Amino acid sequence: MADLAEGFSPKQFQLAIAAEADGIGGGEATDGDYKFINIDSIEMPSLNPLQVLDVRHGAGRTLKAVDMFLSNKLTVKEISFSGIADATILPMLLSNIMQDASSAYEIAYNYAGTDLSYGDSGSTNAVTTIAGLSDPVLKSFSLTIENDVAFSGYDVNGNYQQMHRAIPEVAVTFDAVVKYDADTDNLIQTFGEQSTSTIANTLTAADSVTRNVDISLPTCIMTDVSFSEEDAMFLSVSSKAVASTSGNIVSITIQ
């Protein structure tokens, strides 16, 4: 049917996620288990089908239907979105990324990732200091945890057989923008002269009333310090978590 009068606003789209209930690759069929994400924007999913559309040998110089090869097997689907990391969705994302099902999400110093096989039980997934400066005036911060999955092998149905975490590494980076003043100007010198990885990043803001997230990177190396010109002068401080001989490289507690 053509010429439909119906239209849609970009704000009408919703996004919900749920954990797999029937093992790795088993999917989730129960609508009640899905949780809606408070999204700002959403992109079209990347389905990444395998398409070969090259002209093969034959009559003429045109692409024939028999020349085409199309498959959605052994492909990784991705979807990008931005939104509010609230107390409902953030635990679900952290549990998946960090493979820790507790309320205190941690990546231990000797973390090596959990390797999974297609069809495995989902239970195998369970297991204001900035740059060492106390109480800076904080404008913003971001925490990035990369714990990518590498897929290998395939079965007769076109499913990846195994999934491997933390290859080549699990990477945790922390960026913050703090006000430049007499207390923070030493961060420039600290960055230039650091000889040991002992910089700490800790945001302990939980008070069980208005704030409910604690973030701690006990040991870091500063990777950059630069000016950030705002209404007043600020500093952009970047660091990367490193492992010691014990403890965790990152801990996140959600109350």
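The values are calculated or read from the model by the stated rules, or taken from the named source; none is laboratory data. Quantities reported herein were computed from a predicted structural model and do not represent experimental measurements. Neighbour counts are summed over all protein chains in view; Cβ atoms, including those assigned to glycine, are modelled from backbone coordinates with ideal geometry.
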Read through the list (1) under 27 Å from S117 (Cα atoms); (2) touching a Ser or Thr at 6+ places or on another chain (Cβ under 6 Å), then give the number of the only condition that A21 fails. (2)
Matching residues, the stretch 163-187, being over 29 Å from the mean Cα position of the chain (by Cα) and aliphatic (A, V, I, L, M): A182
Odd one out for Q162, checked against (1) within 30 Å of D120 (Cα to Cα); (2) among the polar types (S, T, N, Q); (3) exposed (fewer than 14 other Cβ atoms within 10 Å of the Cβ): (3)
For the stretch 109-141, which residues satisfy the criterion of being modelled with pLDDT under 80 and under 20 Å from the mean Cα position of the chain (by Cα)? T114, D115, L116, G122, T124, N125, A126, V127
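Residue by residue, here is whether (1) under 28 Å from S103 (Cα atoms); (2) not in a loop (DSSP other than H, G, I, E, B) holds:
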position: T184; (1), (2): no, no
position: I188; (1), (2): no, yes
position: S197; (1), (2): yes, no
position: D224; (1), (2): no, yes
position: V250; (1), (2): yes, yes
Against the definition (in a loop (DSSP other than H, G, I, E, B) and either of a type outside the set (S, T, N, Q) or within 29 Å of E169 (Cα to Cα) (or both)), how does T245 come out, yes or no? yes
What's the number of the condition S41 fails, among (1) touching a strand residue (DSSP E or B) at 6+ places or on another chain (Cβ under 6 Å); (2) not in a strand (DSSP E or B)? (2)
Condition (residue is charged (D, E, K, R), within 23 Å of A104 (Cα to Cα) and surrounded by fewer than 19 Cβ atoms within 10 Å (Cβ to Cβ)) applied to the stretch 169-180: is it met by at least one residue? yes
When the stretch 6-20 is checked residue by residue, the ones that are modelled with pLDDT under 85 and of a type in the set (A, V, I, L, M, F, W, C) are F8, A19
Kindly check whether there is at least one residue in the stretch 35-44 that is under 24 Å from P168 (Cα atoms) and modelled with pLDDT of 90 or more. no
Restricting the first residue to the stretch 63-86 and requiring it to be loosely packed, with under 12 Cβ neighbours inside 10 Å, which pairs with a second residue that is in a strand (DSSP E or B) meet a Cβ separation below 6 Å and a spacing of at least six or different chains? F69/V52; L70/Q51; S71/L50; E78/S46; S82/D40; S82/S41
Looking only at the stretch 165-172, decide whether some residue is modelled with pLDDT of 90 or more and farther than 30 Å from D120 by Cα. no
Find the residue count for the stretch 142-159, including only residues that are at positive phi and either in a loop (DSSP other than H, G, I, E, B) or under 17 Å from the mean Cα position of the chain (by Cα) (or both). 1
